[in-house]
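Asks: Have a look at this one.
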Amino acid sequence: MDELLTMSQKELSRVEVMQRLKAKRLSQKEAAQLLGLSGRQVKRLWRAYRTQGAAGLVSRRRGRPSNHQLSAAVQQQVLDLLKAQYADFGPTLAHEKLTEVHQLTISRERVRQLMIEEGLWKARRAKHPAAHPLRERRACYGELVQIDGSLHAWFEDRGPTCSLLVFIDDATGQLLELWFVPHESFFGYCAATRHYLAQCGKPVAFYSDKHGIFRVNQARPSGDSPGLTQFGRAMQDLDIQILCANSPQAKGRVERANQTLQDRLVKELRLRNISTLAAGNAYLPEFRADFNRRFAVLPRSTHDAHRPLRPADNLDLILTYQTTGTLSKNLTVQANHVIYQIQSDRPAYTLRHAPITVCENALGEVTILYRNKPLAYTVYQPAVRQAEIVDTKTVNQKIRIPKPPAADHPWRKSYQLPRQPKRQPAVASPSEG
């Protein structure tokens with residue numbers, strides 16, 4: 001009775017070659033070249049074919065469990081951890097935690113299969129990427145830094161919704177700065193920029209969206225150039241160029257980084273039970289270092305385009321909200337509804353109508369500059385209103401007379417004037433006549 005064999009395409013090819021070898025239409029050297037095997041392996045196959053026939057070419061491992069199969073104890077431990085701590089994690093992030101935190105030996109694909117079997121992950125068909133013009137990475141580290149803010153529930157229901165300011169290098173994909181702020185603002189970006197400049201130096205350019213912090217989007221009625229925003233002015237003082245993207249896809253590197261952070265960073269904050277902005281900002285350097293170790297790439301050039309801060313780069317003054325003004329004859333200037341009185345030892349006429357700059361930092365501290373030098377000042381306090389002296393002719397004009405009650409006021413209904421008796425007409429006496 002003929003035996004039914006189950007063979008793969010590779011095994012069928014070996015049977016055909018062995019048949020040609022048996023018919024002496026092929027040499028062992030030629031058979032090795034056709035099968036891509038060594039001469040010794042062909043001799044073993046030929047020996048098995050002569051003794052057992054085609055059955056000798058079938059793999060003996062077929063139908064037997066793999067030697068690298070995951071043990072039942074480890075598999076159960078993985079399932080328990082996935083359901084207890086990493087139920088909403090993706091397969092890649094869950095595999096990192098299982099191997100690095102819990103020291104388990106398991107492949108990422110096996111973690112994905114287990115999560116699909118348990119309903120923790122749904123296999124999704126890969127999307128066809130949208131066609132966008134490809135822009136090559138910049139060659140040098142620090143040549144172009146993409147910046148953006150991401151408003152998200154970073155602390156989930158444990159803390160307030162806030163924004164994360166992200167600075168990412170275009171050449172390497174490194175996260176250069178992360179900073180939690182209540183919302184995107186000029187002072188928020190100034191704080192993040194100060195930390196970044198102190199650590200890395202000045203980049204060549206920032207690449208951002210067309211947010212009002214970076215660009216004046218409303219042209220002036222006169223048709224002149226829109227000018228600079230406060231952040232644009234500060235970067236101009238630091239010799240850092242600002243480029244604005246016309247679409248989110250143009251700065252796709254920071255947009256994709258935001259998506260990754262909204263998945264990974266949220267879960268890392270949850271595992272550490274971090275729920276405040278201060279604690280989150282204290283943890284961000286550790287997260288940034290781990291992120292860069294995993295995902296950063298090498299630049300095409302080894303040149304670092306960052307420049308050190310100059311002695312003239314006074315960040316305490318540059319990263320402030322600045323407005324310009326002119327001193328009055330009395331050496332006063334008004335800013336933010338406050339009048340400041342300049343104190344100077346020089347004659348008053350030397351500073352009359354002098355152009356000055358009022359600088360206010362995030363704490364509300366004000367510095368007034370004249371020719372880049374601070375001026376001493378006091379906050380003008382108006383005199384307390386004294387009692388006025390008036391004459392009798394204007395006293396009624398100074399006194400506020402209360403409005404009389406309405407005609408239907410209850411006071412009018414409950415109060416009635418007494419009736420006056422009618423006056424009788426006088427009668428002349430006879431003696432008077």
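The values are calculated or read from the model by the stated rules, or taken from the named source; none is laboratory data. For clarity, every value in this text was computed on a predicted model and none was experimentally measured. For neighbour counting, all protein chains shown are included, and Cβ atoms are generated from backbone atoms with ideal geometry for every residue, glycine included.
Asks: Of the residues 83, 122, only one is without any contact (Cβ under 8 Å) to a residue 12 or more places away in the chain and farther than 20 Å from residue 265 by Cβ; which?
Replies: 122
Asks: Considering only residues that are assigned to a helix (DSSP H, G or I) and within 30 Å of residue 264 (Cβ to Cβ), which ones fall in region 294-324?
Replies: 294, 295
Asks: Mind listing whichever residues of region 10-36 are closer than 19 Å to residue 55 by Cα and of a type in the set (Lys, Arg)?
Replies: Within region 10-36, 10, 14, 20, 22 meet the criteria.
Asks: Take the conditions in contact with a helix residue (DSSP H, G or I) (Cβ under 8 Å, 6 or more places away or on another chain) and either among the aromatic types (Phe, Trp, Tyr) or farther than 30 Å from residue 237 by Cβ (or both) and apply them to residue 187. Does it pass? Break it down stepwise before answering.
Replies: Details: in contact with a helix residue (DSSP H, G or I) (Cβ under 8 Å, 6 or more places away or on another chain): no; either among the aromatic types (Phe, Trp, Tyr) or farther than 30 Å from residue 237 by Cβ (or both): yes.
It is false that residue 187 is in contact with a helix residue (DSSP H, G or I) (Cβ under 8 Å, 6 or more places away or on another chain) and either among the aromatic types (Phe, Trp, Tyr) or farther than 30 Å from residue 237 by Cβ (or both).
Rundown of residues vs (1) among the β-branched types (Val, Ile, Thr); (2) in a helix (DSSP H, G or I); (3) farther than 15 Å from residue 263 by Cβ, yes/no style:
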position	(1), (2), (3)
82	no, yes, yes
88	no, no, no
92	yes, yes, no
99	yes, yes, yes
105	yes, no, yes
116	yes, yes, yes
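Asks: Restricting attention to region 139-192, and to residues there that are over 13 Å from residue 277 (Cβ atoms) and of a type in the set (S, T, N, Q), which single residue is surrounded by the fewest Cβ atoms within 10 Å (Cβ to Cβ)?
Replies: Result: 185.
Asks: Tell me the residue from 43, 29, 22 that is surrounded by fewer than 16 Cβ atoms within 10 Å (Cβ to Cβ) and in contact with a Lys or Arg (Cβ under 9 Å, 6 or more places away or on another chain), please. Working first, answer last.
Replies: Values: 43 fails: in contact with a Lys or Arg (Cβ under 9 Å, 6 or more places away or on another chain); 29 fails: in contact with a Lys or Arg (Cβ under 9 Å, 6 or more places away or on another chain).
Exactly one of 43, 29, 22 is surrounded by fewer than 16 Cβ atoms within 10 Å (Cβ to Cβ) and in contact with a Lys or Arg (Cβ under 9 Å, 6 or more places away or on another chain), namely 22.
Asks: In this structure, is residue 98 surrounded by 13 or more Cβ atoms within 10 Å (Cβ to Cβ) and not assigned by TED's automatic domain parsing to the domain that holds residue 250? Walk me through it before giving the result.
Replies: Numbers: surrounded by 13 or more Cβ atoms within 10 Å (Cβ to Cβ): yes; not assigned by TED's automatic domain parsing to the domain that holds residue 250: yes.
The answer is yes for residue 98.
Asks: Just to check your reading of the model, which residue among 366, 297, 358 is over 22 Å from residue 191 (Cα atoms) and touching a residue at least 24 places away in the same chain (Cβ under 8 Å)? Before the answer, list the steps.
Replies: Values: 366 fails: over 22 Å from residue 191 (Cα atoms); 358 fails: over 22 Å from residue 191 (Cα atoms).
Result: 297 is the single residue among 366, 297, 358 that is over 22 Å from residue 191 (Cα atoms) and touching a residue at least 24 places away in the same chain (Cβ under 8 Å).
Asks: From the list 300, 310, 293, pick out the single residue that is under 30 Å from residue 93 (Cα atoms), out of contact with any Cys (no Cβ under 9 Å at 6 or more places or on another chain) and among the charged types (D, E, K, R). Quick ask: steps written out before the conclusion?
Replies: Working: 300 fails: out of contact with any Cys (no Cβ under 9 Å at 6 or more places or on another chain); 310 fails: under 30 Å from residue 93 (Cα atoms).
That would be 293, the only listed residue that is under 30 Å from residue 93 (Cα atoms), out of contact with any Cys (no Cβ under 9 Å at 6 or more places or on another chain) and among the charged types (D, E, K, R).
Asks: So, residue 313, is that one among the charged types (D, E, K, R), under 20 Å from residue 202 (Cα atoms) and surrounded by 13 or more Cβ atoms within 10 Å (Cβ to Cβ) or not?
Replies: So residue 313 fits the description; yes.
Asks: Cβ contacts < 8 Å: first residue more than 16 Å from residue 12 (Cβ to Cβ), restricted to region 22-42; second residue modelled with pLDDT of 90 or more and not in a helix (DSSP H, G or I), any location; separation 6+ or different chain. Result?
Replies: 32/38
Asks: Another question, if that's okay. Which one is farthest from residue 329 (Cα to Cα) among residues in region 349-375 that are within 30 Å of the chain's Cα centre (by Cα) and loosely packed, with under 11 Cβ neighbours inside 10 Å?
Replies: If we take residues in region 349-375 being within 30 Å of the chain's Cα centre (by Cα) and loosely packed, with under 11 Cβ neighbours inside 10 Å, then 363 is farthest from residue 329 (Cα to Cα).
Asks: Would you pick out the residues in region 236-256 that are part of a loop (DSSP other than H, G, I, E, B) and polar (S, T, N, Q)? Show your work before the answer.
Replies: Within region 236-256, the subset part of a loop (DSSP other than H, G, I, E, B) is 238-240, 245-247.
246, 247, listed by residue number.
Asks: On the basis of being under 30 Å from residue 202 (Cβ atoms), at pLDDT below 95 and buried (at least 16 other Cβ atoms within 10 Å of the Cβ), does residue 112 make the cut?
Replies: Working: under 30 Å from residue 202 (Cβ atoms): no; at pLDDT below 95: yes; buried (at least 16 other Cβ atoms within 10 Å of the Cβ): yes.
So residue 112 fails the test.
Asks: Are any of the residues in region 269-281 assigned to a helix (DSSP H, G or I), under 21 Å from residue 85 (Cα atoms), free of Cβ contacts under 8 Å to residues at least 60 places away in the same chain and charged (D, E, K, R)?
Replies: Here is the first cut: in region 269-281, the ones assigned to a helix (DSSP H, G or I) are 269-271, 277-281.
The next check asks that each one be under 21 Å from residue 85 (Cα atoms); those that pass are 269-271, 280.
Next cut, free of Cβ contacts under 8 Å to residues at least 60 places away in the same chain only: none.
So far as region 269-281 goes, no, none of its residues is assigned to a helix (DSSP H, G or I), under 21 Å from residue 85 (Cα atoms), free of Cβ contacts under 8 Å to residues at least 60 places away in the same chain and charged (D, E, K, R).
Asks: Something else: What are the residues in region 244-270 that are of a type in the set (Gly, Ala, Ser) and either surrounded by 14 or more Cβ atoms within 10 Å (Cβ to Cβ) or within 26 Å of residue 158 (Cα to Cα) (or both), if any?
Replies: Those that are of a type in the set (Gly, Ala, Ser) and either surrounded by 14 or more Cβ atoms within 10 Å (Cβ to Cβ) or within 26 Å of residue 158 (Cα to Cα) (or both): 245, 250, 252, 257.
Asks: Quick one: which strands (runs of 3 or more DSSP E) lie wholly within region 127-220 and hold at least 2 residues that are in the same structural domain as residue 288 (by TED's automatic domain parsing), without any contact (Cβ under 8 Å) to a residue 40 or more places away in the chain and hydrophobic (A, V, I, L, M, F, W, C)? Write out each step before concluding.
Replies: Values: elements: 145-152, 162-169, 175-181, 205-208.
Result: 162-169.
Asks: Counting only residues that are aliphatic (A, V, I, L, M) and touching a helix residue (DSSP H, G or I) at 6+ places or on another chain (Cβ under 8 Å), how many does region 236-260 have? Please lay out each step first, then the result.
Replies: Pass one, region 236-260, residues aliphatic (A, V, I, L, M): 238, 240, 242-243, 245, 250, 254, 257.
Within this subset, residues satisfying the condition of being touching a helix residue (DSSP H, G or I) at 6+ places or on another chain (Cβ under 8 Å) are 238, 242, 245.
Adding up the residues that qualify gives 3.
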